[in-house]
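The values are calculated or read from the model by the stated rules, or taken from the named source; none is laboratory data. Being a predicted model, the structure only gives us computed values, none of them experimental. Cβ sites come from the backbone with ideal geometry, for glycine too, and all protein chains shown count toward neighbours. Note: areas computed on protein heavy atoms with side chains; ligands, DNA, RNA excluded. Shrake-Rupley method; radii C 1.70, N 1.55, O 1.52, S 1.80 Å.
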Amino acid sequence: MTYLKPVKHNTITHDFDSGWQGEILPPQENDDHLSEASKLLRQGIQQQQAGELIVAMKSLQQSLGLFQAVGDLQKQAQVLSFLGLVTYSDGDYKGAISYSQQCLSLSEDTSDLGLQMQALSHLGNAYRHLNDHQKAVEFLEKCLKITQQLQDKRSQVAALNNLGLVYKALGNFIQAIEYQQQSLEIVRELKDNWGEEQVLKNLGNAWYALDNYPKAIAYYEQCVVLSRSLKNVRSASQVLKNLGNACYALGDYAHAIKYYEDRLQLAKETQDKRSEEQSLGSLGVACEAFGDYNKAITYYEERLLLARNMKDRRSEQEALARLKAACYALGDYAKAMQYQQ
């Protein structure tokens, strides 16, 4: 298998398109080792960008071996940074830590602040996923200091956002929001819509965790507009679900239904059966809360049919139980009996 879907993290990573390719210098023509190493490095970068993480890893490891053979410390550190990112994208956090630690040691020897910043970022993000929040904060704060020193605003956005994610994981939502609010200001200044979309979603999540649903809704609404304009369907679907849940928590069932319907429409357009099944369930619950049992039953029946097509026994049983309860609520006991499990 050569294609592996990158793991989604809510993290903003220092990707390969951030100017580093320009620093892969053309090798001396008479040095075959350097020429091949640089070629493999470029190849690994292109493969990572295409989502081909396994082959990217192979190319980068071969490149690393060749740079080690000629003793080029600068290039070794660069390849190690990229290996840290690929393993992180793959969800191999221990591997990401190993490569990034090696990169950090070499980049400290060569006084390369840019590579130190990247290594610290990958280390902080990987430790967050391993629930070692103390180490995550330590590395990301060092990373933030270097971004400020280099006046690298794009990397500041990433460091502030990612620190916010660590503090959210620690349950310190106020601190998380403070960092991500700073991140939002800079990302808007840069007019980076992809970065802004991610930060808005994370701010919405932090306010949601604080049970401040009006604030969460405000950020999610801005986020979903950006998601749609960027054609980021997966993100739009996730945020519409969160919007529906936040409105439901406020008792605003009419708006909850609207957002769940938007998500259902999106799921049908993209043939995302799992999101469609979830949306139908959410719509049924929201319609019941709204007092519209007939509509709830229609949604539950659609969900039941879909669950059976998907051979999802758990969702099927849940739909049957919901249908039975809704029929009882309407006083239609004969119909309720049809949904006996």
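To the nearest 10, the accessible area of residue 33 is 90 Å² with a 1.4 Å probe.
Per residue, what accessible area does region 174-302 have, given a 1.4 Å probe and all protein chains present, in Å²?
45
Overall shape: oblate for region 208-267, with the ratio a/c of the largest to smallest alpha carbon gyration tensor axis at 1.5 or above and b/c at least equal to a/b. Stokes-Einstein D for region 39-100 at 20 °C, 1.002 mPa s, Kirkwood Rh over Cα pairs, in µm²/s? Stokes-Einstein gives a translational diffusion coefficient of 191 µm²/s.
Compute, for region 204-341, the length of the dipole vector about the Cα centre, with Cβ point charges of +1 (Lys, Arg) and -1 (Asp, Glu) only. Units Debye, rounded to 20. Don't skip to the end; give the middle numbers.
Details: 19 positive and 17 negative charges, 81 e Å.
Dipole about the Cα centre, nearest 20: 400 debye.
Helix 173-189 sits at what angle to the longest principal axis of the chain, using alpha carbons and giving 0 to 90 degrees rounded to 10? In the chain, helix 173-189 runs at an angle near 70 degrees to the longest axis. Computed in the context of the full set of protein chains, the accessible area of the chain at 1.4 Å probe radius has 47% of its extent on carbon or sulfur. Among 125, 161, 212, the residue with the largest mean-square fluctuation in a Gaussian network model of the chain, with springs joining Cα atoms closer than 10 Å, is 212.
Cross-link reach is defined here as a Cα-Cα straight distance under 22 Å, omitting same-chain residues fewer than 8 places apart; for residue 75 the lysines meeting it are 39, 58. Computed with every protein chain present, the accessible area of residue 207 is close to 40 Å² [probe 1.4 Å].
Between helix 233-249 and the chain there is an angle of about 50 degrees, using the helix long axis and the longest principal axis of the Cα atoms. When nucleic acids and ligands are ignored and a 1.4 Å probe is applied, residue 337 ends up with an accessible area of around 100 Å². Computed over the alpha-carbon pairs of region 53-166, the distance histogram in 5 Å steps reads 2, 14, 23, 23, 20, 11, 6, 1, 0 percent, short to long. Between the helical axis of 273-290 and the longest alpha-carbon principal axis of the chain there is an angle of about 40 degrees. Among the listed values (i) 21.4; (ii) 23.2; (iii) 22.4, the one computed from these coordinates for Kirkwood radius over Cα pairs in Å is (iii).
Residues in region 48-130 average 33 Å² of solvent-accessible surface per residue, probe 1.4 Å, ligands and nucleic acids excluded.
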